[in-house]
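Q: Dropping the structure in here first, questions after.
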Amino acid sequence: MDALPFVAWRGIVATIALLSVSLVLGTRVGGTSRWPDMRVLAMDRRTALIVAALLGALLNMAVFAAFLRTTVAVALICFYTFPAMVTVAAVPLYGERLDRLRVGALLLSLTGLALVVLAPLIGSANVVVDPVGVGLALFGAVCQAGFVLISGRGWKPMPNLHVSFYVIFAALALSVPLTIIAGQTAGLLLPFSDPDVWVWILAGGITGAAIPTTAFITGIGLIGPSRAAILMTIEPLVGVTLAVVLLGEQPSVLQLVGGAAVLIAAAVLQVAPRAPVPPEPEFGPLV
């Protein structure tokens, strides 16, 4: 399955999951169903949500396409330049301090990330550095940085669950027509001819989209854009850990050192003082 149909199916599953949870929780809490309604936002935040959702959709397609064109590790290193973009941009936009502690945590996390991702490639002849793939990954980094910075202002009174719905629905709405235009409709039909594919589609939609998107949007509101972006470097570390647990892979010493560096950077960030966001961010409830 190519990137576009996978993003489309991932979006279908995640959209259905988020809408279902929203309706169920809305019924339990308020007595009536809560449909995601963008009209609850002020016009400027409504526009911001549309832009953020579009960036999220482009991000999904760009990164998955990059994975198909270049070595995944190379794509990840390019993509994870976004914490640096967010950290620098958050200074004028959010009044966050670019102090030694924050810069040190950023450098430590990026160094650890490089060790975790690139260590298995040392001495390997299977490294593919495709210019288009690298460009797509960097474009994805720009989109992710924009998404984080826009989300930093919050979405009150819209619940974060509804924000996630719109973000993922945008990826779905954009990927389906692009899949058809690209002539990859066979990928959309693949699950009906190969039932084994459903396991990966469901995993990608629920644990790879619905849950982390909602958690990420909520987390930005709790700790701010730059902290959230730097903490995102834990993601490849989790991937390596899961590969050990589920696939029996053995991490190298360099990967263990890199993982420790990422975790230390995350701990350092928790003691870094956070300046108030101007104006005060307005984050809605989770549901």
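The values are calculated or read from the model by the stated rules, or taken from the named source; none is laboratory data. Given the structure is predicted, the values throughout are model-derived calculations rather than measurements. We place every Cβ from the backbone using ideal geometry, glycine too, and count neighbours over all the protein chains shown. For the accessible areas, the whole protein counts, side chains as well, though only heavy atoms, and no ligand, DNA or RNA atoms are used. Shrake-Rupley method; radii C 1.70, N 1.55, O 1.52, S 1.80 Å.
Q: When only residues in the range 242-264 that are assigned to a helix (DSSP H, G or I) and over 11 Å from Leu113 (Cα atoms) count, which is least open to solvent (accessible area, probe 1.4 Å)?
A: Within the range 242-264, the subset assigned to a helix (DSSP H, G or I) is 242-247, 253-264.
Narrowing further to those that are over 11 Å from Leu113 (Cα atoms): 242-247, 253, 264.
Values: Leu242: 92, Ala243: 14, Val244: 53, Val245: 108, Leu246: 131, Leu247: 127, Val253: 110, Ile264: 94 Å².
Going through the qualifying residues, I end up with Ala243.
Q: I would also like to ask the following. Cβ-Cβ under 8 Å, sequence separation 6+ or interchain: first residue in the range 130-141 and over 8 Å from Val63 (Cα atoms) and of a type in the set (Val, Ile, Thr), partner in a helix (DSSP H, G or I) and open to solvent by less than 30 Å² (accessible area, probe 1.4 Å). Which pairs?
A: Val134/Ala66; Val134/Val74; Val134/Ala75; Val134/Cys78
Q: Would you confirm whether any residue within the range 134-154 is closer than 21 Å to Arg227 by Cα, charged (D, E, K, R) and at pLDDT below 90?
A: Within the range 134-154 (the criterion being closer than 21 Å to Arg227 by Cα, charged (D, E, K, R) and at pLDDT below 90), the answer is yes, since at least one residue qualifies.
Q: Right, another one. Scan the range 257-275 residue by residue and report those that are more than 23 Å from the chain's Cα centre (by Cα) and modelled with pLDDT of 80 or more. Spell out the reasoning first.
A: Quick first cut of the range 257-275, residues more than 23 Å from the chain's Cα centre (by Cα) only: 257, 271-273, 275.
Correct list: Val257 only.
Q: Another question, if that's okay. Check every one of the helices (runs of 4 or more DSSP H) wholly within the range 60-130 and list those with 2 or more residues that are open to solvent by 60 Å² or more (accessible area, probe 1.4 Å), hydrophobic (A, V, I, L, M, F, W, C) and modelled with pLDDT under 85. Full working, then the answer.
A: Details: elements: 72-79, 82-94, 100-118.
Correct list: 100-118.
Q: Name every residue in the range 47-61 that is of a type outside the set (Gly, Ala, Ser) and out of contact with any Leu (no Cβ under 8 Å at 6 or more places or on another chain), in order of residue number.
A: Let us first name the residues in the range 47-61 that are of a type outside the set (Gly, Ala, Ser), namely 47, 49-51, 54-55, 58-61.
Within the range 47-61, Thr47, Ile50, Val51, Leu55, Leu59, Asn60 meet the criteria.
Okay, residues lined up against (1) under 17 Å from the mean Cα position of the chain (by Cα); (2) within 30 Å of Val86 (Cα to Cα); (3) not hydrophobic (A, V, I, L, M, F, W, C):
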position	(1), (2), (3)
Asp130	no, yes, yes
Ala137	yes, yes, no
Leu149	yes, yes, no
Pro159	no, yes, yes
Thr213	yes, yes, yes
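Q: Here is a follow-up. Of the residues that sit in the range 174-211 and are without any contact (Cβ under 8 Å) to a residue 24 or more places away in the chain and under 15 Å from Phe64 (Cβ atoms), which one is least open to solvent (accessible area, probe 1.4 Å)?
A: Per the stated criteria, the residue is Ala203.
Q: Next question, about the same structure. List the number of the failed condition for Gly26; all other conditions in (1) modelled with pLDDT under 90; (2) open to solvent by 20 Å² or more (accessible area, probe 1.4 Å); (3) over 30 Å from Gly135 (Cβ atoms) hold.
A: (2)
Q: Among the candidates Thr179, Thr214, single out the residue that is assigned to a helix (DSSP H, G or I) and in contact with a Gly (Cβ under 8 Å, 6 or more places away or on another chain).
A: Details: Thr214 fails: in contact with a Gly (Cβ under 8 Å, 6 or more places away or on another chain).
From the options Thr179, Thr214, the qualifying one is Thr179.
Q: Right, something else. Does the range 1-11 contain any residue that is closer than 30 Å to Ala267 by Cβ, of a type in the set (Gly, Ala, Ser) and either in contact with a Gly (Cβ under 9 Å, 6 or more places away or on another chain) or part of a helix (DSSP H, G or I) (or both)?
A: Within the range 1-11, the first condition is being closer than 30 Å to Ala267 by Cβ, and the residues that meet it are none.
Scanning the range 1-11 turns up no residue that is closer than 30 Å to Ala267 by Cβ, of a type in the set (Gly, Ala, Ser) and either in contact with a Gly (Cβ under 9 Å, 6 or more places away or on another chain) or part of a helix (DSSP H, G or I) (or both).
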